[in-house]
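Encoded as structure tokens, the structure appears first; notes follow it.
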Amino acid sequence: MLATLALFAALQQDGTRLELWYTKPAEAWTEALPIGGGRIGAMVFGGIEEERIQFNEDTLWSGQPHSYAREGAVEHLAEIRRLLWEGKQQEADELAMREFMSDPIRQKAYQNFGDLRISFLNHAGATDYVRKLDLDSALATVEYTIDGDRFSREAFASYRDGVIVYRLEAHGEKRLNFSAWLVDAHEGEKSINSKNEFIVKGRVEEGGVRYEARMSVTIEEGTISSNGLTITVEGAKSATVLLAPATSFVSPWSVNGDPNTRAMGALVRARRRGWEDLRKRHIEDHQGLFRRMSLDLGHIPEAERLPTDERLVRFAEGKPDPGLAVLLAQYGRYLMIASSRPGTQPANLQGIWNDSNRPPWESKYTVNINTEMNYWAVERANLSECHDALFDALEEVARSGAEVAREHYGARGWVLHHNFDIWRGAAPINAANHGIWQTGGAWLSQHFWWRWLYSQDRTFLKERAYPIMKGASLFFLDALTEHPVTGELVSGPSNSPEIGGLVMGPTMDHNIIRHLLRSTADAASELGIDEDLQEELRTTADRIAKNKIGQYGQLQEWLEDKDDPNNKHRHVSHLWGLHPGEEITVTKTPELFKAAQKSLEMRGDGGTGWSMGWKINFWARLRDGDHAHLMLRNQLKPVGGGGGGTYPNMFDAHPPFQIDGNFGALSGILEMIIQDHDGAIEILPALPRAWPSGSLKGVRARGAVELDISWKDGEMTEVVVRGEPDTTVTIRYRGNDQEVTVGPGGTSVSW
């Protein structure tokens, strides 16, 4: 927040081209360009004779308010545990499926809203076609020439004004002639009113969310009319299309809002503002966040002159292109700004962009890695406000999770298993062998703790973070159980996502729970409250089963030493203590650090998109920048010929598209340059040889400070630390620590 916009301008002058661009329209959805305004989003195809803009609104979901808790499930908990301790995994699984799972067993799905379609008359034969997404202005543009006349289009989704805006202009003698209409993904009622507004409205399902979208067109010169099926424009010099989608969703417990009032109000207000004011407000809003952080890793002009799809192919051929990592990182920040803002839903498995009513994994919130990965980088990448949507959702989840804690475990506090949806389901879903996993809420509580560490906002810690963390901790004080032989405390029934089936005491659980209990105790200590609870939390954390090193020198994934050295599963869940946890570090636990590396080597460098994103972070934490960069290369390969990769529009490919890999890559790129989890702010802990010189400016670190970092030929040249005057932090470089007190305007540090 302290970085000046001049820093970003200097970066642009450096030659970094922060845009995705192409020389032809998108054919597939994963070639289209995403725009987003937090609550609303769209994919712009850039067609010449017919344009398609597929759009979403983040509260359009199937289902309706519903409790997923299974009454009386707790009566079977002891028997499930007994069966697991006796090695009767199948019997335990069968009992759990009958008596312990969510009711119903599946959650609901995020929905496609529909399309804005525009058909152009006499518009064939375009040349000099260019399609772009400018990350700095958050504008998607198309330009082309027909018979010597230039045409241009520009699209954006406004967070401030709640509308999607599509501007079309003719710059020569020819004029715009087109028809526009809306396609409703739920086949509701369609109409065009006397104001030439195209309206679609309906309900996703009986008793569920109602919706309405309104589209209008204003023009300069020419005429506008309608025939009941389309809005037709003839002879216009320019046209502005406004689209306002809305739903009746109020909260996970109410769908009694009025989508008509919401959509009509947004459209009326947007028309009053006009295109120029809407555009100005949108760019100011976006750049106020985006321009806080800049990154420069060097330039290969030959690569940067290429269209983005060709650039990806070139990089996959092994040719250097450090600027592509910059583009990927800043694209991650762009996508976060576009899909997660205060007052909206958090970014789901696809952020906010989804063209299906039956999307993969319902495009909901999978919290055994994916939702957390979405938000790993937001504090460090200077986008703290984007975290707020997740915090709002988790406070709602804690309400439903308290019911699940009572009904399934007879416990205080709240619990979340491996998924939630807009109705905030918290019970175990799908199947026992991966759905019964108790630590989703515990893991997500880490994000509340991070906000405190990065902001030092005591009000947030007291009023929002601590109540959530305390509730998650109380659950485990009740739900942990003693190992029948060792007496250690273990979790269970649970699983090690997503491998091995239903078990007691997986390593991942224990790392997460220890972190939760200790950070909750630290939060209480900081606030000077709950002294008896602090002691209980720390004592309980110390009693949890410890990490163990197995027969291959690996970090054991389970209580038993049964890891398979040939297992290449994409989940490497038991390394949570290495990342995003901080229990396993080179300074505090060198033997476990080495064992974690062995486990990662055993799993290999393969995997799908998000898995590669996590491995970038793992290798950065292991201080092997070249291996982290190898994983980045693997993630950036064009889709095809195996799992993972990157689509032409730079969406991450699981496949199918999942946005977590985009955000995981952003986190990993920053982890290579700065880490702050091991008692100091460490500079260049895992710098790859591919980035010998560069700079990272406006990055944030724990202690509520902001840094500008520069290096040349692999050596740090300068670090500038900014923050509240007299703030003291420790800077570490190559094993040497230096205590720095921030002065007015910042303090420069050099070695």
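The values are calculated or read from the model by the stated rules, or taken from the named source; none is laboratory data. Owing to the predicted nature of the structure, the values given are computational and were not obtained by experimental measurement. We place every Cβ from the backbone using ideal geometry, glycine too, and count neighbours over all the protein chains shown. Protein only, heavy atoms only, side chains kept; ligands, DNA and RNA dropped before computing areas. Shrake-Rupley method; radii C 1.70, N 1.55, O 1.52, S 1.80 Å.
Considering each residue of the range 436-456 in turn, none proves to be surrounded by 22 or more Cβ atoms within 10 Å (Cβ to Cβ), small (G, A, S) and assigned to a loop (DSSP other than H, G, I, E, B). Here is the figure for the range 22-41: residues that are assigned to a loop (DSSP other than H, G, I, E, B) and open to solvent by less than 10 Å² (accessible area, probe 1.4 Å) total 3.
The set of residues in the range 289-316 being open to solvent by 40 Å² or more (accessible area, probe 1.4 Å) and assigned to a helix (DSSP H, G or I) consists of P301, E302, D309, E310, V313, A316.
Scanning the range 224-274 for residues that are under 22 Å from A393 (Cα atoms), open to solvent by less than 50 Å² (accessible area, probe 1.4 Å), in contact (Cβ under 8 Å) with a residue 60 or more places away in the chain and not β-branched (V, I, T) yields P245, A246, F249, S251, P252, S254.
Taking the range 328-352 as the range and being crowded, with 23+ Cβ neighbours inside 10 Å, part of a helix (DSSP H, G or I) and not small (G, A, S) as the test, the residues that pass are Q330, Y331, R333, Y334, L335, M336, I337. Considered as a group, the residues in the range 172-223 that are of a type in the set (D, E, K, R) and buried (at least 22 other Cβ atoms within 10 Å of the Cβ) include one that is farthest from A126 (Cα to Cα), and that residue is E212. Restricted to the range 101-138, and to residues there that are among the aliphatic types (A, V, I, L, M) and out of contact with any helix residue (DSSP H, G or I) (no Cβ under 9 Å at 6 or more places or on another chain), the residue that is surrounded by the fewest Cβ atoms within 10 Å (Cβ to Cβ) is A124. Filtering R98, R150 for residues that are under 30 Å from Y409 (Cβ atoms) and either buried (at least 19 other Cβ atoms within 10 Å of the Cβ) or among the basic types (K, R) (or both) leaves a single hit, R98. Looking at the range 531-542, can you tell me whether even one residue there is in contact (Cβ under 8 Å) with a residue 60 or more places away in the chain, more than 18 Å from Y409 (Cβ to Cβ) and β-branched (V, I, T)? No, the range 531-542 has no match at all. Tell me, which residue of the range 506-549 that is surrounded by fewer than 16 Cβ atoms within 10 Å (Cβ to Cβ) and of a type in the set (A, V, I, L, M, F, W, C) is farthest from T585 (Cα to Cα)? Checking each candidate, the answer is I529.
Could you list, in sequence order, all residues of the range 619-630 that are outside any loop (DSSP other than H, G, I, E, B) and either on the phi > 0 side of the Ramachandran plot or surrounded by fewer than 24 Cβ atoms within 10 Å (Cβ to Cβ) (or both)? Of everything in the range 619-630, those that are outside any loop (DSSP other than H, G, I, E, B) and either on the phi > 0 side of the Ramachandran plot or surrounded by fewer than 24 Cβ atoms within 10 Å (Cβ to Cβ) (or both) turn out to be G625, D626, H627, L630. Regarding S152, is this residue among the hydroxyl-bearing types (S, T, Y) and under 30 Å from I429 (Cβ atoms)? Spelling it out, it is not the case that S152 is among the hydroxyl-bearing types (S, T, Y) and under 30 Å from I429 (Cβ atoms).
Considering only residues in the range 725-744 that are charged (D, E, K, R) and in a strand (DSSP E or B), the one that is surrounded by the fewest Cβ atoms within 10 Å (Cβ to Cβ) turns out to be E739.
You will find that of S340, S400, the residue that is of a type in the set (G, A, S) and out of contact with any helix residue (DSSP H, G or I) (no Cβ under 8 Å at 6 or more places or on another chain) is S400 and no other.
Filtered by the rule that a residue be under 18 Å from R538 (Cα atoms) and more than 24 Å from the chain's Cα centre (by Cα), the range 499-515 gives H510, R514. Mind checking which residues of the range 478-490 are in contact with a Gly (Cβ under 6 Å, 6 or more places away or on another chain) and either in a loop (DSSP other than H, G, I, E, B) or basic (K, R) (or both)? Within the range 478-490, no residue meets the criteria.
When the range 362-397 is examined, which residues are found to be more than 20 Å from I40 (Cβ to Cβ), aromatic (F, W, Y) and either touching a helix residue (DSSP H, G or I) at 6+ places or on another chain (Cβ under 6 Å) or open to solvent by 10 Å² or more (accessible area, probe 1.4 Å) (or both)? Selection gives Y375, W376. Being more than 25 Å from the chain's Cα centre (by Cα), modelled with pLDDT of 95 or more and crowded, with 23+ Cβ neighbours inside 10 Å: is that true of E91 here? The answer is no for E91. Restricting the search to the range 681-721, which residues are open to solvent by less than 10 Å² (accessible area, probe 1.4 Å), more than 28 Å from G644 (Cα to Cα) and part of a loop (DSSP other than H, G, I, E, B)? Of everything in the range 681-721, nothing turns out to be open to solvent by less than 10 Å² (accessible area, probe 1.4 Å), more than 28 Å from G644 (Cα to Cα) and part of a loop (DSSP other than H, G, I, E, B). Here K319 passes the criteria (1) among the basic types (K, R); (2) open to solvent by 50 Å² or more (accessible area, probe 1.4 Å); (3) touching a residue at least 60 places away in the same chain (Cβ under 8 Å) except the one numbered (3). Residues in the range 476-503 that are under 17 Å from A442 (Cα atoms) and open to solvent by 10 Å² or more (accessible area, probe 1.4 Å): 5 in all.
Only a single criterion out of (1) within 23 Å of V719 (Cβ to Cβ); (2) open to solvent by 10 Å² or more (accessible area, probe 1.4 Å); (3) part of a helix (DSSP H, G or I) is not satisfied by E671, namely (2). Scan the range 550-600 for residues that are open to solvent by 80 Å² or more (accessible area, probe 1.4 Å) and assigned to a helix (DSSP H, G or I) and the total you get is 2.
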